[in-house]
Amino acid sequence: MFKIKKIDTVLIRRGKDKGKTGKVILCIPDKLAVVVEGMNMQIKHVRPKKEGEKGQKIPFPKPLPIAAVSVVCSQCKKPSRIGIKILEDGQKARQCKKCKAEFK
Ligand SMILES: [Zn+2]
């Protein structure tokens, strides 16, 4: 089970945005990566399609490996390790290892 979900707030632990927090806008479970809004920005250079046109520089957030981010618990507001808890009805919930709060 992928422990990070879209709209989670995460703390960046590595790279040029280390120490900042941002919102997850995309999860890429296949690559064990997430895209965080405004973080790890890269510039994509797009060549002009026609002669006389200018090339464009398009900024975009590059995916970060999940190992480089920590989920910030919505309850205790601290970057925490997230565990998976099996509930009585068999459903899985995520649990903050710091404050023990459960969330989906
Ligand atoms: Zn917590």
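The values are calculated or read from the model by the stated rules, or taken from the named source; none is laboratory data. Computed from a predicted model, the values in this text were never measured in an experiment. Note: ideal-geometry Cβ built from the backbone for every residue, glycine included; neighbour counts use all protein chains shown. Ligands, DNA and RNA are stripped out before the accessible areas are found, and what is left, the full protein with its side chains, is counted by its heavy atoms. Shrake-Rupley method; radii C 1.70, N 1.55, O 1.52, S 1.80 Å.
Table for the structure above
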{"item": "Residues with amide H under 5 Å from that of ASN40, placed H, sequence gap 5 or more", "result": "ASP17"}
{"item": "Rg/Rh (Cα only; Kirkwood hydrodynamic radius) as it applies to the chain", "result": "1.15"}
{"item": "Estimated distance in nm for a label pair at LYS100 and LYS49, the labels positioned 7 Å out from Cα along Cα-to-Cβ", "result": "5.9 nm"}
{"item": "Added length on full extension, which subtracts the Cα-Cα distance from 0.36 nm per residue, GLU37 to LYS85", "result": "14.5 nm"}
{"item": "Percent carbon-and-sulfur accessible area, the stretch 57-103, ignoring ligands, DNA and RNA, probe 1.4 Å", "result": "52 percent"}
